[in-house]
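These notes concern the structure reproduced below.
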Amino acid sequence: MILGCTGQDGSILCKSLLKQNHRVIGVSRTKNTGSENLKKLNIENDIEKISLSLINQNEIEKAIDLYSPDTIYNLSAQSSVGKSFDKPSETFASISLSTQNLLESCRKTSFRNRIFFAGSSEMYGSSKKLINLKDHKNPISPYGIAKTNSFELVKLYRDIFEIKCMTGVLFNHESILRSDQFVFTKIIKSAIRSYKNPNHKVQMGNLNIIRDWGWAEEYIEVIKMIANAKIPNDYLICTGKGYSLKTIAQKTFERFSLRWEDHIQINRQYFRPTDITKSVGNPIKLYEDHKWKSKINIDEIITRLINSLHD
Ligand code: NAP
């Protein structure tokens, strides 16, 4: 059962599980809309899509009783950090309240299978050094605060009620499904447009921020691995390498023999009220426990996105 099945990660996870011949129950807030990603992956008719409000605990309990899933993946969230400043209540409800409702539903229905929760690097705020799972949390956005709260709830239910739940703390990850509301895709699309039209200009916010960028399909396989590991445990899902948006702009525009400075204009209007300067994770725990290391580096991510978005 995948909550948030229409999102970037939810759709890719649906595809991956279908490939392994699993029955997939896809949960969305709406039954008949918002399936663009599932359509793009050509799997819209292969999952059983149901509508459910995670704000309503009764509805969750009924669905768990009805379907008795082997694993529940909770990827549902208002997932934009920027939007969370404008919509803090919606963000909090979609992350913290949903997590609480889901955990409590599992406790009440005696669901004893696995539940995976999507956490976020935003829980840690800015850090000059590589972030480790047990580092102090310092969220600086409503989104980061909601994810931190959700992370602590998952830990509490695991420790106190012995529910087999875990959080994968996800660092940024990209795919061809990301909209240009997200900055990595916005940079790639701007470079393509600038190549086609030398007069093209685009406005962006702070390009000095450094993030740890991964590839969604690779992270989805890690999510499945963590969810099914013998001992339920939390992990950071990251590459260990950080790049600024400026570097990504430079690397992308260079592919078209262009200078990003000629096409991207910095506009303070796009700056967030608070922003994380640097956030790069340490993937050591995944390597020690599961021998996992990211194989898809930043240049490969740029290549894949250009190849899929450039017609
Ligand atoms: P996404 O594309 O935004 O998908 C999230 C899904 O959540 C949406 O398709 C939507 O599905 C559902 N949703 C529930 N409440 C919502 C609300 N109030 N507003 C908007 N959508 C809502 O997110 P994603 O990139 O797949 O990320 C999956 C999970 O990983 C999320 O929990 C996200 O916070 C976390 N995460 C992602 C990244 C990343 O780089 N992608 C990094 C760190 C953490 P319906 O409309 O069908 O209900």
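The values are calculated or read from the model by the stated rules, or taken from the named source; none is laboratory data. Please read these numbers as outputs of a predicted model, since none were measured by experiment. Neighbour counts run over all protein chains shown; Cβ positions are idealised from the backbone, glycine included. Surface areas here come from the heavy atoms of the whole protein model, side chains and all, with no ligands, DNA or RNA. Shrake-Rupley method; radii C 1.70, N 1.55, O 1.52, S 1.80 Å.
Here's the yes/no breakdown for (1) within 14 Å of the ligand (Cβ to nearest atom); (2) among the polar types (S, T, N, Q); (3) over 19 Å from residue 155 (Cα atoms); (4) not in a strand (DSSP E or B):
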{"residue": "83", "(1), (2), (3), (4)": "yes, no, yes, yes"}
{"residue": "91", "(1), (2), (3), (4)": "yes, yes, yes, yes"}
{"residue": "105", "(1), (2), (3), (4)": "no, yes, no, yes"}
{"residue": "111", "(1), (2), (3), (4)": "no, no, no, yes"}
{"residue": "115", "(1), (2), (3), (4)": "yes, no, no, no"}
{"residue": "126", "(1), (2), (3), (4)": "no, yes, yes, yes"}
{"residue": "129", "(1), (2), (3), (4)": "no, no, yes, yes"}
{"residue": "133", "(1), (2), (3), (4)": "no, no, no, yes"}
Q | Within segment 32-51, considering residues that are near the ligand (Cβ under 10 Å from one of its atoms) and assigned to a strand (DSSP E or B), the one most open to solvent (accessible area, probe 1.4 Å) | A | 51
Q: Could you grab me the full set of residues in segment 94-103 that are more than 7 Å from the ligand (Cβ to nearest atom) and either open to solvent by 20 Å² or more (accessible area, probe 1.4 Å) or at pLDDT below 95 (or both)?
A: 97, 100
Q | Single residue of segment 250-269 satisfying the filter (touching a strand residue (DSSP E or B) at 6+ places or on another chain (Cβ under 9 Å) and farther than 15 Å from residue 302 by Cβ) that is most open to solvent (accessible area, probe 1.4 Å) | A | 269
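Residues in segment 56-63: is at least one away from the ligand (no atom under 14 Å from the Cβ), surrounded by 15 or more Cβ atoms within 10 Å (Cβ to Cβ) and part of a loop (DSSP other than H, G, I, E, B)?
Step one: filter segment 56-63 for residues away from the ligand (no atom under 14 Å from the Cβ), giving 57-58, 61-62.
When the remaining residues are screened for being surrounded by 15 or more Cβ atoms within 10 Å (Cβ to Cβ), the result is 57, 61.
Now restrict to residues that are part of a loop (DSSP other than H, G, I, E, B): none.
Looking for residues that are away from the ligand (no atom under 14 Å from the Cβ), surrounded by 15 or more Cβ atoms within 10 Å (Cβ to Cβ) and part of a loop (DSSP other than H, G, I, E, B), one finds none in segment 56-63, hence no.
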Q) Given 229, 191, which one is surrounded by fewer than 22 Cβ atoms within 10 Å (Cβ to Cβ) and in contact (Cβ under 8 Å) with a residue 60 or more places away in the chain? A) 229
Q: Can you confirm whether segment 9-31 contains a residue that is closer than 24 Å to residue 98 by Cα, near the ligand (Cβ under 8 Å from one of its atoms) and either open to solvent by 90 Å² or more (accessible area, probe 1.4 Å) or at pLDDT below 95 (or both)?
A: yes
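Could you please give the count of residues in segment 150-167 that are in a helix (DSSP H, G or I) and open to solvent by less than 60 Å² (accessible area, probe 1.4 Å)? Write out each step before concluding.
Applying the first criterion (in a helix (DSSP H, G or I)) to segment 150-167 yields 150-161.
Cutting the leftovers down to open to solvent by less than 60 Å² (accessible area, probe 1.4 Å) gives us 150-151, 153-154, 157-158.
Selection size over segment 150-167: 6.
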(Q) Take the residues in segment 287-299 that are under 19 Å from the mean Cα position of the chain (by Cα) and either without any contact (Cβ under 8 Å) to a residue 12 or more places away in the chain or assigned to a helix (DSSP H, G or I) (or both); name whichever of them is surrounded by the most Cβ atoms within 10 Å (Cβ to Cβ). (A) 298
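May I ask you to say which residue of 170, 156 is within 12 Å of the ligand (Cβ to nearest atom) and hydrophobic (A, V, I, L, M, F, W, C)?
On the way: 156 fails: within 12 Å of the ligand (Cβ to nearest atom).
170 is the lone residue from the list that is within 12 Å of the ligand (Cβ to nearest atom) and hydrophobic (A, V, I, L, M, F, W, C).
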Q. Can you name the number of the only condition in (1) closer than 26 Å to residue 223 by Cβ; (2) without any contact (Cβ under 8 Å) to a residue 60 or more places away in the chain; (3) open to solvent by 50 Å² or more (accessible area, probe 1.4 Å) that residue 198 fails?
A. (1)
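Taking residue 75, is it among the hydrophobic types (A, V, I, L, M, F, W, C), within 10 Å of the ligand (Cβ to nearest atom), modelled with pLDDT of 95 or more and open to solvent by less than 70 Å² (accessible area, probe 1.4 Å)? Quick ask: steps written out before the conclusion?
On the way: among the hydrophobic types (A, V, I, L, M, F, W, C): yes; within 10 Å of the ligand (Cβ to nearest atom): yes; modelled with pLDDT of 95 or more: yes; open to solvent by less than 70 Å² (accessible area, probe 1.4 Å): yes.
Yes; evaluated as a whole, the condition is true for this residue.
Based on what the data block shows, is residue 176 open to solvent by 20 Å² or more (accessible area, probe 1.4 Å), among the hydrophobic types (A, V, I, L, M, F, W, C), within 15 Å of the ligand (Cβ to nearest atom) and touching a residue at least 60 places away in the same chain (Cβ under 8 Å)? Can you show your working first?
Numbers: open to solvent by 20 Å² or more (accessible area, probe 1.4 Å): yes; among the hydrophobic types (A, V, I, L, M, F, W, C): yes; within 15 Å of the ligand (Cβ to nearest atom): yes; touching a residue at least 60 places away in the same chain (Cβ under 8 Å): yes.
The answer is yes for residue 176.
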Q: Could you grab the pairs with beta carbons closer than 6 Å, sequence gap of 6+ or different chains, first residue in segment 23-51 and on the phi > 0 side of the Ramachandran plot, second one within 8 Å of the ligand (Cβ to nearest atom) and assigned to a loop (DSSP other than H, G, I, E, B)?
A: 34/6
Q: Inspect all residues belonging to segment 228-237 and state whether any of them is closer than 15 Å to residue 175 by Cα and modelled with pLDDT of 95 or more.
A: no
